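Heads up: the structure comes next, in structure tokens.
The values are calculated or read from the model by the stated rules, or taken from the named source; none is laboratory data. Being a predicted model, the structure only gives us computed values, none of them experimental. When we count neighbours, we look across all protein chains shown, and the Cβ atoms used for this are built from the backbone with ideal geometry, even at glycine.
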Amino acid sequence: MVSVDVEGAKMDPGDPQEEVKNSSGLVFQRIKSGISWFFGGGDRAKSGTDDVFQTEWLVETDNKALSSAPKAIKLESLLMRLENKYAPVEDDEFIDQLWFNHGFLPQMETRMFLRRGGAFLVRKFNYSESEGGKDDLVISVAVPLEYTRTESDDKDENYGRDEPVFIQDYIVSKDGRSKETEIFIDDKMCFENFQDLLAYYIFNPNKESLNIKLFYPAPNRYFQYRQNALKRVETLATGELKEVYIADLEQFGSVEDAKVAVKQVKKDSPNTYDLNEKLIEEARMLLCLDHEHILICHGWQIHKMPFQFIFEYMEGGTLLQFLLTNFDTTSNKRLLQLSLEAARGLQYLHEKRVIHRNICAENCLLSKNGTLRIAGFSLAYRGHAYYMKAPEKLQTRYLAPENLTIFIFISQSDVYSFGVSWNPFFSTECGVFGAFSGLKIIAVQ
């Protein structure tokens with residue numbers, strides 16, 4: 001029997017049963033001190049850091065290791081087993097509580113969270129609605145690649161740089177051959193529930209076959225929200241496939257001062273999976289943009305269906321609504337100011353190589369103090385040019401000639417659309433094409 005040093009308490013070898021009895025309380029106390037950190041995330045989860053201090057400790061009894069674990073990582077199911085009071089929590093409830101559960105995070109996004117060997121996260125995916133809406137669980141792990149270190153790696157300016165890794169996904173599968181359903185990521189080791197599976201691959205230093213390293217759980221970032229953080233207030237707009245509503249954003253137990261707007265796919269919409277993916281693409285695009293005349297994106301909710309895109313609530317409504325109501329009382333100076341703000345926002349997009357593809361008054365929103373921000377990024381594309389290969393629902397009236405003839409979109413196409421949509425603000429006519437229909441406009445061009 002080995003001596004054990006737990007939280008500074010030295011225990012000398014003696015009778016095995018007596019030693020385990022005397023040390024169990026200290027062992028449990030140490031495990032309990034980390035349970036809230038592991039499940040609730042503690043201060044580390046809220047601050048977004050994923051540091052884990054790996055001071056290891058070992059307790060042995062009957063020549064079997066009860067646990068070998070990092071100091072900061074303790075698993076609740078392990079504590080319950082040690083106390084002989086193990087009562088497994090339902091997997092869905094357990095997974096929802098994990099602060100390194102990233103919901104339906106796309107595979108391509110995992111590299112943004114897993115930046116060094118041993119980092120891992122839990123996520124879900126669903127191939128298609130045709131599979132009955134069943135969600136699969138995945139453990140994504142960063143596996144380090146071999147590389148030759150150089151002197152520059154030890155310089156201060158390179159401290160904390162991403163390690164060369166590749167992302168390995170392990171799908172949690174179910175074995176339906178036995179009476180009791182078992183789950184596994186390696187067919188040589190099956191478990192009754194996800195808690196046991198996670199505990200085994202985190203704490204067991206000697207895996208029998210699949211020796212994956214789960215060292216650093218990747219916490220949720222500031223732009224990732226849970227569904228219960230949104231308190232719906234009222235509906236702003238509803239369409240054929242999507243709806244927008246106002247909500248109070250509650251995070252970490254406090255309600256933000258400003259309300260937010262939430263866009264989501266309607267539950268009864270066809271092709272919900274594809275629409276959800278496009279919604280996240282729009283949010284991803286906006287998260288990378290930062291300008292006073294571009295709509296502010298707060299983040300997304302992808303833990304449960306339907307996905308929700310959370311952005312700044314613009315109390316002034318759309319520019320089109322504002323002009324229809326206040327056009328007669330709006331001065332030319334004010335119209336020029338709004339035009340300048342839209343032009344500056346569009347210039348910023350083009351500097352970032354973003355083609356908006358849908359510039360019009362309906363997609364310009366006004367804040368409470370009248371500041372204009374460009375919105376409506378559902379068709380936006382990052383790159384120098386976009387070729388439309390399949391039919392899309394577009395506003396023909398604002399499209400440039402090259403959009404209608406050879407289906408090419410470039411930054412100059414946005415400039416053309418900007419000019420066409422702003423023309424009515426400074427004329428007494430109904431716009432460049434008057435009351436022409438979409439087909440007539442195509443024929444004219």
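For residues in region 210-236 being in a strand (DSSP E or B) and closer than 14 Å to GLY118 by Cα, which is modelled with the lowest pLDDT? Out of the qualifying residues, it is TYR216. Got at least one residue in region 372-379 being within 25 Å of the chain's Cα centre (by Cα) and either more than 25 Å from LEU287 (Cα to Cα) or free of Cβ contacts under 8 Å to residues at least 40 places away in the same chain (or both)? Looking through region 372-379, at least one residue is within 25 Å of the chain's Cα centre (by Cα) and either more than 25 Å from LEU287 (Cα to Cα) or free of Cβ contacts under 8 Å to residues at least 40 places away in the same chain (or both). Looking across region 270-302, the residues that are touching a helix residue (DSSP H, G or I) at 6+ places or on another chain (Cβ under 6 Å) and either of a type in the set (D, E, K, R) or in a loop (DSSP other than H, G, I, E, B) (or both) come down to HIS291, HIS293.
Filtered by the rule that a residue be surrounded by fewer than 19 Cβ atoms within 10 Å (Cβ to Cβ), not charged (D, E, K, R) and not in a helix (DSSP H, G or I), region 393-409 gives LEU394, GLN395, ILE406, PHE407, ILE408. Only a single criterion out of (1) modelled with pLDDT under 95; (2) over 16 Å from ILE296 (Cβ atoms) is not satisfied by LEU346, namely (1). Which numbered condition in (1) farther than 23 Å from ASP136 by Cα; (2) part of a helix (DSSP H, G or I); (3) of a type in the set (Phe, Trp, Tyr) is the only one that PHE311 fails? The one condition PHE311 does not meet is (2).
If you go through region 296-342 and pick out every residue that is closer than 16 Å to ALA283 by Cβ and surrounded by fewer than 14 Cβ atoms within 10 Å (Cβ to Cβ), you end up with 0. Residues that are charged (D, E, K, R) and surrounded by 15 or more Cβ atoms within 10 Å (Cβ to Cβ) within region 343-381 comprise ARG344, ARG357, GLU362, ARG373, listed in sequence order.
Table: residues versus (1) free of Cβ contacts under 8 Å to residues at least 12 places away in the same chain; (2) within 25 Å of LYS278 (Cβ to Cβ).
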{"residue": "CYS297", "(1), (2)": "no, yes"}
{"residue": "TRP300", "(1), (2)": "no, yes"}
{"residue": "PHE309", "(1), (2)": "no, yes"}
{"residue": "GLY316", "(1), (2)": "no, no"}
{"residue": "LEU335", "(1), (2)": "no, no"}
{"residue": "GLU341", "(1), (2)": "no, no"}
{"residue": "ARG344", "(1), (2)": "no, no"}
{"residue": "GLN347", "(1), (2)": "yes, no"}
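Residue check, PHE322 against (1) at pLDDT below 90; (2) part of a helix (DSSP H, G or I), all met but one. Which one? Going through the list (1) at pLDDT below 90; (2) part of a helix (DSSP H, G or I), PHE322 breaks only (1).
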